[in-house]
1. Probe of 1.4 angstrom, ligands and nucleic acids ignored: what's the accessible area per residue over the chain, in square angstrom?
2. 7 Å from Cα along Cα→Cβ at both residue 91 and residue 43: what's the point-to-point distance in nm?
3. Which value, to two decimals, describes the C-alpha radius of gyration of the range 138-187 once divided by 2.2 N^0.38 Å?
4. Could you calculate the FRET efficiency of residue 201 with residue 427 from 1/(1 + (r/R0)^6), where r is the beta carbon distance between them and R0 is 35 Å, rounded to 0.05?
5. Gaussian network model of the chain, Cα springs within a sub-10 Å range: biggest mean-square fluctuation belongs to which of 229, 429, 353?
6. Helix-only estimate, please: 222 nm mean residue ellipticity of the chain, summing -39500 (n - 2.57) across DSSP H runs of length 4 or more and dividing by its residues, to the nearest 500.
7. Just tell me, in residue order, which DSSP H segments of the chain are both 18 angstrom or longer along the helix axis (alpha-carbon based) and at least 0.0 in mean Kyte-Doolittle hydropathy.
8. Over the chain, with a Gaussian network built from C-alpha contacts below 10 Å, which listed residue (363, 92, 413) shows the highest mean-square fluctuation?
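The values are calculated or read from the model by the stated rules, or taken from the named source; none is laboratory data. Since this is a predicted model, take the numbers as computed values, not measurements. Cβ coordinates were reconstructed from backbone atoms using ideal geometry, including for glycine residues, and neighbour counts include every protein chain displayed. Accessible surface areas use protein heavy atoms only, side chains included; no ligands, DNA or RNA. Shrake-Rupley method; radii C 1.70, N 1.55, O 1.52, S 1.80 Å.
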Amino acid sequence: MEATEVDSQKQLQRKQSAYLSLDENFEIQNEVYRGQQYSQIYFARLHMMRTLLYSLAPNWKSHLPVCTVLGLEEGKECIIVGTLYKHMKLKPCILDEYSKERSTAPLVKPHNFMHQDDYLVLEDESGRVKLGGTMLSPSVYVTGVVIALHGKETTAGDFFVEDVLEAGLPPQIERPLQSREDKYVVFVSGLSVGSGASNPLQFQLLVDHITGHLGDEEEQGLAADIVHLVIAGNSVEISRGLLNGQNLASKDQSRLSEPIKELDILLTQIAASLPLDIMPGSNDPANFSLPQQPLNRCLFPGSATYNTFRSCTNPHCFELDNIRFLGTSGQNINDLTKYSEAKDKIDFLERTLRWRHLAPTAPNTLGCYPFTDRDPFLIDSCPHVYFVGNQEKYETRLLKGSEGQLVRLICIPRFYETGVAVVLNMRNLECHALTFGTQFSS
């Protein structure tokens with residue numbers, strides 16, 4: 001007891017940071033669903049992106065005229081701007097499931113639907129044209145990306161691409177002058193509380209570490225520098241067997257709510273110590289389509305009583321001490337991996353920034369709300385930190401833009417599989433992995 005009293009004499013003060021939520025763009029408040037189709041979100045995307053690409057075209061190829069698809073002339077070089085559509089041989093089609101000949105088709109579900117015969121088409125309001133040449137690789141691009149192309153129409157009626165102009169990184173708000181003090185933000189995703197594979201002790205160790213209940217004075221001093229925690233989706237796993245459309249027995253009802261109660265107990269410990277943002281993911285009790293709305297605060301009777309607890313949208317955008325963060329729970333990047341190829345997952349993050357669009361495959365292969373007058377996934381301001389949750393492994397990269405933009409890209413691994421959280425230093429945007437292991441020797 002005496003040792004505890006001596007230790008408690010020196011009190012550490014947790015550092016603070018100014019928080020500003022920028023989720024308004026992703027909130028569905030006054031939208032009314034009237035049975036509208038998805039064409040309007042594509043029109044809104046094309047209109048916004050075309051205005052931007054038209055402004056970039058004179059600096060790119062000032063001597064060339066800008067045409068529409070319908071205005072193309074054979075052999076005449078020009079620039080066309082439109083939305084890409086990727087024709088994919090292996091892309092699943094819902095109609096195939098009801099086809100009479102479905103028994104002849106293989107029932108294997110590939111994790112990637114790429115095929116060597118895939119080709120790209122560019123379309124605008126006037127028409128569409130098949131793209132040829134080697135400048136534009138079908139394996140890199142996906143349906144929904146808006147780009148400008150330099151080329152000419154061939155005798156076959158295709159458009160032979162000679163050069164490509166992407167929107168590039170958007171302008172970035174100036175980063176505040178480098179602070180002399182370290183302030184850390186911790187990112188974690190894929191806690192999957194309630195699944196058979198999750199380890200409660202592992203998460204408790206993370207909670208104890210960031211709340212300053214682990215380690216010596218030096219360790220606690222580092223924990224006091226943590227100013228924010230972001231939980232990027234898939235926090236709970238509810239047994240799918242219980243959700244079969246039937247009325248639940250009382251014992252099954254308690255089994256259904258058990259993972260959320262367990263999560264709330266742990267979040268309450270964190271919220272009592274520091275601010276946290278929780279985002280919904282694909283497995284969480286939230287709406288399925290993007291943008292996912294905040295998890296209902298009623299799910300968290302313990303932690304929601306603290307003003308440090310924030311239930312946020314997915315995607316999520318916020319500022320801490322004028323450093324801008326933008327991130328998702330991983331659905332946008334996981335969908336890109338099915339319909340395009342890259343050397344590393346982090347390359348997909350870079351592409352979405354260069355295309356200035358968080359989720360180009362929505363609404364084609366990724367569920368999203370049918371907005372009528374805007375596309376909320378357009379990135380008009382470049383973040384300083386861009387994170388994506390629920391990935392296989394931890395990856396990071398510092399991306400530099402042509403106008404001096406500096407972005408820290410982070411892939412956050414699933415915690416229940418890896419025991420890894422990611423720590424970012426706001427002073428210099430450097431980050432590292434924080435690994436928790438609970439191996440017992442027999």
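1. Numbers: 22120 Å² over 442 residues.
Here the residues of the chain average 50 Å² of exposed surface.
2. My value for the distance between the label points is 2.1 nm.
3. Numbers: Rg = 20.7 Å, N = 50, 2.2 N^0.38 = 9.7 Å.
Rg over 2.2 N^0.38 Å, computed on Cα atoms: 2.12.
4. Working: r = 32 Å, r/R0 = 0.91.
With R0 = 35 Å, the Cβ-Cβ based efficiency is 0.65.
5. 429
6. Working: 8 runs with 93 residues, N = 442.
Rounded to the nearest 500, the figure is -6500 deg cm²/dmol.
7. Working: long enough: 39-60 (31 Å, 0.15); 250-271 (30 Å, -0.34).
Qualifying helices: 39-60.
8. Of 363, 92, 413, the most mobile in the Gaussian network model is 92.
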